[in-house]
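Asker: Okay, handing you the structure first.
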Amino acid sequence: QLPFVESGGALVQPGGSLRLSCAASGFTFENYAIGWFRQAPGKEREGVSCISSWGTTSYRDSVKGRFTISRDNTKNTVYLHINSLKPEDTAIYFCARATNSYCANYVEASYGDWGQGTQVTVSS
């Protein structure tokens with residue numbers, strides 16, 4: 001069983017919005033920071049946002065103001081709300097468990113369990 005199941009990806013028009021969900025299992029969810037990453041076609045995977053175990057958030061500069069990360073520890077789920085979608089947001093979006101309760105960075109070695117990803121395509 002995968003530690004995360006991502007959902008909510010879709011084909012949307014530029015300017016649209018989405019809410020991605022990341023449902024966790026198999027570990028004590030509330031003890032860990034959770035990060036969202038994305039991988040665009042032909043590019044390396046990059047971190048876009050992270051939320052600490054107590055709710056402190058961080059964002060990649062290029063998504064600030066459009067992405068909002070949140071978590072619901074009662075549902076073991078992290079969300080990523082994306083507004084004003086752009087074609088360059090097209091990617092597979094993954095969530096991952098940090099090795100700590102805080103968001104240190106977006107270096108993949110700082111994250112353990114990963115999900116299988118959900119596809120977001122922004123196109124008219």
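Asker: Tell me, what are the semi-axes, in whole angstrom and largest first, of the equivalent ellipsoid of the chain as set by the roots of 5 times the Cα gyration tensor eigenvalues?
Answerer: For the chain, the ellipsoid semi-axes come out as 22, 14, 14 Å.
Asker: Hey, what's the chain come to in accessible area per residue, 1.4 Å probe, Å²?
Answerer: Heavy-atom accessible area per residue stands at 49 Å².
Asker: Report the FRET efficiency, 1/(1 + (r/R0)^6), for Glu30 and Lys64, where r is their Cβ-Cβ distance and R0 is 25 Å, rounded to 0.05.
Answerer: Numbers: r = 26 Å, r/R0 = 1.03.
Efficiency, from the Cβ-Cβ distance: 0.45.
Asker: Tell me the label-point distance for the pair Trp54, Ala40, using the 7 Å Cα-to-Cβ offset, in nm and rounded to one decimal.
Answerer: Rounded to a tenth, the inter-label distance reads 3.5 nm.
Asker: Then there is this: How much accessible surface area, in Å² rounded to 10, belongs to the heavy atoms of Phe67 with a 1.4 Å probe?
Answerer: Accessible area of Phe67: about 10 Å².
Asker: Can you give me the % of accessible surface on the chain that is carbon or sulfur? Probe 1.4 Å, all protein chains present, nothing else counted.
Answerer: The computed percentage sits at 47.
Asker: So what's the Cα pair-distance distribution over the range 72-124, bin width 10 Å, in %?
Answerer: 19, 43, 32, 5
Asker: Over the Cα atoms, compute the radius of gyration (one decimal) and Dmax (the largest Cα-Cα distance, rounded to a whole number) for the range 29-91, in Å.
Answerer: Values for the range 29-91 (Cα only, Rg and Dmax): 12.2, 37 Å.
The values are calculated or read from the model by the stated rules, or taken from the named source; none is laboratory data. Just so it is clear, the structure is predicted and the values come from calculations on it, not from any experiment. A quick note on method: Cβ atoms are made from the backbone with ideal geometry, for glycine too, and the neighbour counts reach across all protein chains shown. Ligands, DNA and RNA are stripped out before the accessible areas are found, and what is left, the full protein with its side chains, is counted by its heavy atoms. Shrake-Rupley method; radii C 1.70, N 1.55, O 1.52, S 1.80 Å.
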